[in-house]
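Below is one structure, written out as structure tokens; comments come after it.
The values are calculated or read from the model by the stated rules, or taken from the named source; none is laboratory data. Predicted model only: the values in this text are computed from it and were never measured. Cβ coordinates were reconstructed from backbone atoms using ideal geometry, including for glycine residues, and neighbour counts include every protein chain displayed.
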Amino acid sequence: MMVGDREKAEQWCLRVPAGKGEDARQALIRETALDRAFKPRRDGGDLLLPIIEWREGADRCPFDSNPDRPLLPRHELIGGIAVMQERDVDGATRILASRPSLHTVLFATSEVGGEHRTRSFEVLAGTPTTRTECREYGHRFEVDLTSAYFSARLATERHRIATLIGNGETVLDMFAGVGPFAISFSDRARLVVAADINPHAIDLMLENIARNHTRLVLPVLADARHLADCIPWQFDRIIMNLPKSGELFLPVAFRLCKNGGKIHFYALVSKEGEHRDLIEKLGGGIIDEQVVRSYSPAQWHAVYDIKKKE
Ligand code: SAM
């Protein structure tokens, strides 16, 4: 979620009937749970109230920033950490003071990169740490932004896929990171195998499995290239979230997917249908192709929902 610069940002919020909106808003103010950086808004007969962090019943919706609040520099919120795009120490101090839930403000000193898809940071304000806890849809994820990838912006997408999972499905997450997709699915799936090549990600995933009391996620420290050689069964559903080079792993995913099973393949693309030919050649049909988020003016992250042909 990006905040600042008077722009729209996606934010956790509660939906209440408009008639009860003012009572609900006052209750949230008393709990210091209302996010005053954003303007509540009407949606049909409901009022959407932006809140500081996830709670039961919350969803993510776009909001305008609140014109009555002082403008803050652009930043992204990940649990109790704000990540700034500019190295602005005064701005960092103001961001830290703007929300009671924040403990640290970081400046990203590199792009996401390397095999582990991590970034490096400088601490600009608050507690000198890159670890924090993110809450979404009833789950809690411990993350460490320097040692393993995590994006809070994917919460809605994780929730979308979690709602597609049928009771008793077996799922493989080939690029699982600290386990946010895998753990979100564990309420419904029979088993989720969650692989990652980064040992720090697997350490954090083990912590997250414990803190969410999840018993059906099996972490695997592995290069996804070799999964089809060492896993002797096929899955009902496969998640492939490695947007810059995931297409290289599509043949492995097809080997590990049951006939009629589903593959959710995330890719950085610059035109619709960019990977259609490859998917069809491998024996898949595209059920849907959606934009997850924009990446640059000419590229976006897309998700292909694929069905492996019977
Ligand atoms: N799915 C996770 C999430 O949404 O937070 C992480 C996605 S991140 C974009 C991609 C992950 O793939 C990283 O955690 C990285 O360590 C892992 N990765 C990269 N190459 C890999 C490979 N060859 N085999 C297994 N994991 C790999």
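Side notes on the structure shown:
- Check on residue 93, of a type in the set (S, T, N, Q), over 23 Å from residue 32 (Cβ atoms) and out of contact with any Cys (no Cβ under 9 Å at 6 or more places or on another chain): no
- Remark: pairs (first residue in segment 190-216, in contact (Cβ under 8 Å) with a residue 60 or more places away in the chain and farther than 17 Å from residue 141 by Cβ; second residue within 16 Å of the ligand (Cβ to nearest atom) and not in a strand (DSSP E or B); Cβ separation under 9 Å; 6+ apart in sequence or on different chains) = 197/115; 197/116; 197/175; 197/222; 197/223; 197/224.
- Residue among 57, 45, 19 that is more than 25 Å from residue 145 (Cβ to Cβ), without any contact (Cβ under 8 Å) to a residue 24 or more places away in the chain and not charged (D, E, K, R): 19
- Residue that is within 12 Å of the ligand (Cβ to nearest atom) and of a type in the set (Val, Ile, Thr), where the choices are 127, 132, 118, 146: 118
- Residues being within 12 Å of the ligand (Cβ to nearest atom) and either assigned to a helix (DSSP H, G or I) or modelled with pLDDT under 95 (or both) - total across segment 204-221: 3
- Any hit, segment 222-230, residues being of a type outside the set (Gly, Ala, Ser), in contact with a helix residue (DSSP H, G or I) (Cβ under 8 Å, 6 or more places away or on another chain), within 15 Å of the ligand (Cβ to nearest atom) and in a loop (DSSP other than H, G, I, E, B): no
- Test: residue in segment 173-182 that is within 10 Å of the ligand (Cβ to nearest atom) and surrounded by fewer than 17 Cβ atoms within 10 Å (Cβ to Cβ): no
- Remark: residue 129 falls outside the filter, which requires a residue to be among the polar types (S, T, N, Q), surrounded by fewer than 21 Cβ atoms within 10 Å (Cβ to Cβ) and under 19 Å from the mean Cα position of the chain (by Cα).
- Unmet criterion (only one of (1) in contact (Cβ under 8 Å) with a residue 24 or more places away in the chain; (2) under 24 Å from residue 234 (Cα atoms); (3) part of a loop (DSSP other than H, G, I, E, B)) for residue 148: (2)
- Taken together, the criteria place residue 80 among residues that are surrounded by 15 or more Cβ atoms within 10 Å (Cβ to Cβ) and over 20 Å from residue 30 (Cα atoms).
- Taken over segment 152-172, the criterion of being touching a residue at least 24 places away in the same chain (Cβ under 8 Å) and either within 6 Å of the ligand (Cβ to nearest atom) or among the small types (Gly, Ala, Ser) (or both) is satisfied by 152, 154, 155, 162, 166.
- Note on segment 231-273: among residues that are assigned to a helix (DSSP H, G or I) and within 12 Å of the ligand (Cβ to nearest atom), the one that is surrounded by the most Cβ atoms within 10 Å (Cβ to Cβ) is 253.
- Residue in segment 157-169 that is within 24 Å of residue 263 (Cα to Cα) and part of a strand (DSSP E or B) present: no
- When every residue of segment 209-221 is checked against the conditions, at least one turns out to be buried (at least 21 other Cβ atoms within 10 Å of the Cβ) and in contact with a Leu (Cβ under 7 Å, 6 or more places away or on another chain).
- Residue in segment 276-291 that is within 14 Å of the ligand (Cβ to nearest atom) and in contact with a helix residue (DSSP H, G or I) (Cβ under 9 Å, 6 or more places away or on another chain) present: no
- Segment 60-81, residues that are under 22 Å from the mean Cα position of the chain (by Cα), closer than 24 Å to residue 133 by Cβ and touching a residue at least 60 places away in the same chain (Cβ under 8 Å): 60, 74, 75, 76, 77, 78, 79, 81
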